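These notes concern the structure reproduced below.
The values are calculated or read from the model by the stated rules, or taken from the named source; none is laboratory data. Values in this document were obtained by computation on a predicted structure and should not be read as measured data. Using ideal geometry, Cβ is built from the backbone for each residue, glycine included, and neighbour counts are taken over all protein chains shown.
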């Protein structure tokens, strides 16, 4: 088996261990539900310094592969978890991601996703403005998100096109940031950098239709990713943050 070796960007940290754990959780959930698409690369070796994975020989995605991905993801999201979050913290890209368990999805997302990223903003002016705005909308945001969530679904957590690979026959998920939450946060992320194909969304919605609240939820959920990208890469993602913060206002009237 040919392999791909990923080096730890922060030597000595548990980043690669948490990534391997996320791949295992996805693989176990997919297997338990009898889902064959998508698949998870075999972990050949993992320690704190390196993660060796089965190499995927990439090819352009076919319409059938995108359809199978949408169907498989919808089936994965339909498996109910016990609570929101995850037992321990992990990572979203290069950033830490706070977890722990919660019975309240709205509080979990508000405090362990948005508030955590807002607190990491280096600019005191931007941080203060966003924090003030967040605190004004926090209660309405929590109530809005709790009305729209169905079950705790196992999420990939960082589901953009770069983290889905296609070979000649199969579809593979890599680089997860897993936890249990509202399934529509994964869907929102798929639309953040151009979106997946129409075949993907049609297949997903045939099994698991998006909620009426999804257009607003998408903007709120992607605020987490825009904040993370702003904290990692700075100014080019600020406009996405501004759009997401403005979406919080709309929860005051829902």
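Scanning the stretch 168-184 for any residue that is closer than 21 Å to residue 252 by Cα and assigned to a helix (DSSP H, G or I) turns up at least one such residue.
When the stretch 1-54 is filtered for residues that are at pLDDT 95 or above, part of a loop (DSSP other than H, G, I, E, B), under 23 Å from residue 168 (Cα atoms) and touching a strand residue (DSSP E or B) at 6+ places or on another chain (Cβ under 9 Å), the ones remaining, listed by number, are 37, 38, 40, 41, 42. Just one of the listed residues (242, 250, 205) is surrounded by fewer than 17 Cβ atoms within 10 Å (Cβ to Cβ) and under 26 Å from residue 124 (Cβ atoms), namely 242. Filter the stretch 195-254 down to the residues that are outside any helix (DSSP H, G or I), within 25 Å of residue 135 (Cα to Cα) and in contact (Cβ under 8 Å) with a residue 24 or more places away in the chain and list them by number. Within the stretch 195-254, 213, 254 meet the criteria. Given the condition surrounded by fewer than 17 Cβ atoms within 10 Å (Cβ to Cβ) and either farther than 15 Å from residue 176 by Cβ or under 18 Å from the mean Cα position of the chain (by Cα) (or both), answer yes or no: does some residue in the stretch 65-76 qualify? The answer is no, given that none of the residues of the stretch 65-76 is surrounded by fewer than 17 Cβ atoms within 10 Å (Cβ to Cβ) and either farther than 15 Å from residue 176 by Cβ or under 18 Å from the mean Cα position of the chain (by Cα) (or both). Only residues that are exposed (fewer than 14 other Cβ atoms within 10 Å of the Cβ) and more than 20 Å from residue 93 (Cβ to Cβ) were counted in the stretch 34-61, giving 9.
Residue-wise test of (1) touching a helix residue (DSSP H, G or I) at 6+ places or on another chain (Cβ under 8 Å); (2) at pLDDT below 95.
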position	(1), (2)
113	yes, no
129	no, no
138	yes, no
141	yes, no
148	yes, yes
151	no, no
183	yes, no
186	yes, no
190	yes, no
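Where residues in the stretch 112-121 are more than 16 Å from the chain's Cα centre (by Cα) and assigned to a helix (DSSP H, G or I), which of them is surrounded by the most Cβ atoms within 10 Å (Cβ to Cβ)? Ranking the candidates gives 118 first.
For (1) at positive phi; (2) in a loop (DSSP other than H, G, I, E, B); (3) buried (at least 17 other Cβ atoms within 10 Å of the Cβ); (4) free of Cβ contacts under 8 Å to residues at least 24 places away in the same chain, each residue gets a yes or a no:
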| site | (1), (2), (3), (4) |
| --- | --- |
| 88 | no, yes, no, no |
| 110 | no, no, yes, no |
| 127 | no, no, no, yes |
| 139 | no, no, no, yes |
| 142 | no, no, yes, no |
| 146 | no, no, no, no |
